[in-house]
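For reference, the structure discussed in these notes is given below.
The values are calculated or read from the model by the stated rules, or taken from the named source; none is laboratory data. Remember, predicted model here, so these are calculated numbers, not experimental data. All Cβ positions, even for glycine, are placed from backbone atoms using ideal geometry, and neighbour counts span all protein chains on display. Ligands, DNA and RNA are excluded from the accessible area calculation, which covers all protein heavy atoms including side chains. Shrake-Rupley method; radii C 1.70, N 1.55, O 1.52, S 1.80 Å.
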Amino acid sequence: MHSTEFTDADIQLLHADLEKSISAEFARPSGAEGLKLVGTLVAGFIATKVLLPVLCGFTSRFLYDRYKDIQVTSQAERAREDLLTAKPINDSDRVASEVLEREMTEKLMQDGLNEHRARTIVIDLIRKVEDKSQH
Amino acid sequence: MAFRFQLNAGVLAHYRWGSLLPRFGLAVDIHKRSLPEFLACVSREIGSWRTEIAFRTYVAFQHEVVHYLQDVTTGIGHWDFLVMRKWIPMILGEARVARQSPRSLRSYFTKRRYGNEERILDELVYLPTNKLSRTRQSALLKNLNLGATAKVRPRDVRPYYIESLLEAEAATTVFLKWREVKKSTGLGWEIAAQHRELYDPWVMPSIYKTLYLDFAQVTMGHLKDRFQKEPNIFEAALLMHNLLLMMLVELSCAYPPPKMFDEGAFSRADYEPGLKFARLARAYHRLPDQPEPFLDIFFKSDINRLEELLSPYMEYQYLPYKKVYEQWAAVFAQMSETDDDRILQMRKNAAIEKTLKPERMIKKTLASFLDHGLRLPLCTGKGYVGYAFTFEDLNPDEDKIFFVDLQRHNRDAALADYFMTGRNFVCPLAENQVCEIATSHCSNGMANFKPLPKDRRCSIRVGLTDSGLL
């Protein structure tokens, strides 16, 4: 695999991990039994809103700028399609990890996570994506 | 125990029956301005959300408010309040005696504890479906079959469990208000469309829609052949279905005070809310033709006239709605003579309002707070938020008194739950983020009281020590 190409399977795998981390955060304070009921739908989309921009950022600055502020599923769907068909680019056109970390942390905070937890989740995600792109 | 039972709106929020405190998670953003902002939008039929979290907040807020109003204004909420008011001191008293007794007597108290739990579960009206006893489930099945035109099978009972009833009303109320939204942005509509599982009973998870869909067979089933050709018919039928469901749930929750059962005139099995709903629905189905005043009844939310209209077609004569709440008002008025607990007063006011202006109490929406002047306390991911609406509430001391009474109720309930079930104790003051010395143990739960802060400012530790429980 080229360093900046991602497959549908990669996206699904990373999404599942990220969704799990976000769900755990939302269930954390009260531990209420019912919190899991519809939570996966909400946490799942929040995961999408962070994962796709990070993957776009690893692929090209153009894609990242286009999809860094996903709000609805139609945008997410377009981002996914563009990502899967994107042409490999040079490392110099990638978005810096620090920028991804800062902007996606803010994004998670807008959806309710506290800064420390949001940053931890984003750093973990970036590390996993980096690992994948180096193989 | 009732105080730990929860009505869910997924990950977003939950409501512990009896707590009078809707709780919101981190995935929604409630703040002091939320209610005024939502009221402004609702009154102008505007969908003002521009982000996902704003939409989730809008939906979750309305959903939980319905559960809060179900608790604080209906007969079942009043009944369960009295049950817990009777049992909590007994549980805490027994826990103290057990603590002070020799080890050899511990098993005796453990047995008593299980016995007490069974008796409480038997007395409460609201219970989550998985806590309903087999006896209660069988009685409901048997009674649903009496007078039924087709055999009711065990799997057909699910819509008529109390939890399904309350969730159906919450889902329908939010759906009805959402359908009134006329203006939003393209993005706003798209965000709403992708969150249908949070507010549209046709696609929500089973617990929210089971009664809604079952009842739609009664209200809309005979019209379905016309829906495709005449879309207006569908719109009108859907509106009527939603309104009727809310009114019948309201009638079903008019549970009388204990005195009425003590006198032997009524049986509790007949007042099972799901059974009453089914009987009302059958009576509606039996109406010869929709009589002239029917639309008038709907649009004026005239619940007393609806009850009068359906009553001759019912196989059981219930105590009239108005009479039920007159009785409740009298019960709470008498209790208030010797107790100035603000929760008691709020229940008394709600019961009086139902006798005087029932039409304002039917739809459990945000606007109804302006009409009936009840307080609205909330526990958000960022702390406690309280709203008050009456002239008396402008007095800042009233805020404090209400807050203290509310926290006391929730503290006692949490302690009783701990001693009864042996589940971890979660400090309600820490949960509401109103305790400055709370630790993570306090809010995450503790298996015993050792992790409570060793500080005189920890009112739980002080209270437990002073009362001999620690």
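Six or more apart or on different chains, Cβ under 6 Å: which pairs go from a residue in region B:177-199 that's within 24 Å of A:Gly44 (Cα to Cα) and assigned to a loop (DSSP other than H, G, I, E, B) to one that's modelled with pLDDT under 95 and open to solvent by 30 Å² or more (accessible area, probe 1.4 Å)? Could you list them?
B:Gln194/A:Thr73; B:Tyr199/B:Trp178
Is there a residue being on the phi < 0 side of the Ramachandran plot, among the polar types (S, T, N, Q) and without any contact (Cβ under 8 Å) to a residue 24 or more places away in the chain anywhere in region B:141-150?
The answer is yes; a qualifying residue exists.
Confirm whether B:Arg457 is open to solvent by 20 Å² or more (accessible area, probe 1.4 Å), in contact with a helix residue (DSSP H, G or I) (Cβ under 7 Å, 6 or more places away or on another chain) and not in a helix (DSSP H, G or I).
For B:Arg457, the condition - open to solvent by 20 Å² or more (accessible area, probe 1.4 Å), in contact with a helix residue (DSSP H, G or I) (Cβ under 7 Å, 6 or more places away or on another chain) and not in a helix (DSSP H, G or I) - is not met.
Considering region B:358-388 alone, what residues qualify as being open to solvent by 60 Å² or more (accessible area, probe 1.4 Å), under 25 Å from B:Met246 (Cα atoms) and not in a helix (DSSP H, G or I)?
B:Lys363
For region A:112-133, how many residues are touching a Phe, Trp or Tyr at 6+ places or on another chain (Cβ under 9 Å) and over 12 Å from A:Phe58 (Cα atoms)?
Number of matching residues: 2.
Filtering region A:46-69 down to residues that are within 14 Å of another protein chain (Cβ to nearest Cβ) and surrounded by fewer than 22 Cβ atoms within 10 Å (Cβ to Cβ), which residue is farthest from A:Arg117 (Cα to Cα)?
Among them, the one singled out is A:Asp69.
Each row is one residue, and each column tells you yes or no for (1) out of contact with any His (no Cβ under 9 Å at 6 or more places or on another chain); (2) more than 14 Å from chain A (Cβ to nearest Cβ); (3) within 27 Å of B:Val404 (Cα to Cα); (4) surrounded by 15 or more Cβ atoms within 10 Å (Cβ to Cβ).
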position	(1), (2), (3), (4)
B:Leu35	yes, yes, yes, yes
B:Phe55	no, no, no, yes
B:His63	yes, no, yes, yes
B:Trp79	yes, yes, yes, yes
B:Met84	no, yes, yes, yes
B:Pro89	yes, yes, yes, no
B:Tyr114	yes, yes, no, no
B:Tyr126	yes, yes, yes, yes
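Condition (residue is touching a residue at least 60 places away in the same chain (Cβ under 8 Å), surrounded by 22 or more Cβ atoms within 10 Å (Cβ to Cβ) and more than 14 Å from every other protein chain (Cβ to nearest Cβ)) applied to region B:16-26: is it met by at least one residue?
yes
Restricting the search to region B:427-454, which residues are in a helix (DSSP H, G or I), within 12 Å of chain A (Cβ to nearest Cβ) and within 16 Å of B:Arg411 (Cα to Cα)?
B:Pro428, B:Ala430, B:Glu431, B:Cys442, B:Ser443, B:Asn444
Collect the residues in region B:376-394 that are farther than 26 Å from A:Gly112 by Cα and at pLDDT 80 or above, keeping them in residue-number order.
Passing the criteria: B:Ala388, B:Phe389.
Quick one: in region A:88-110, of everything that is touching a helix residue (DSSP H, G or I) at 6+ places or on another chain (Cβ under 9 Å) and at pLDDT below 90, which residue is nearest to A:Ala43 (Cα to Cα)?
The selected residue is A:Arg94.
Which one of B:Arg226, B:Arg305, B:Arg279 is crowded, with 16+ Cβ neighbours inside 10 Å and either assigned to a helix (DSSP H, G or I) or in contact with a Ser or Thr (Cβ under 6 Å, 6 or more places away or on another chain) (or both)?
So the residue among B:Arg226, B:Arg305, B:Arg279 that is crowded, with 16+ Cβ neighbours inside 10 Å and either assigned to a helix (DSSP H, G or I) or in contact with a Ser or Thr (Cβ under 6 Å, 6 or more places away or on another chain) (or both) is B:Arg279.
Which of (1) within 14 Å of chain A (Cβ to nearest Cβ); (2) open to solvent by 70 Å² or more (accessible area, probe 1.4 Å); (3) without any contact (Cβ under 8 Å) to a residue 60 or more places away in the chain; (4) assigned to a loop (DSSP other than H, G, I, E, B) is the odd one out, the single condition B:Arg423 does not satisfy?
That leaves (3) as the condition not met.
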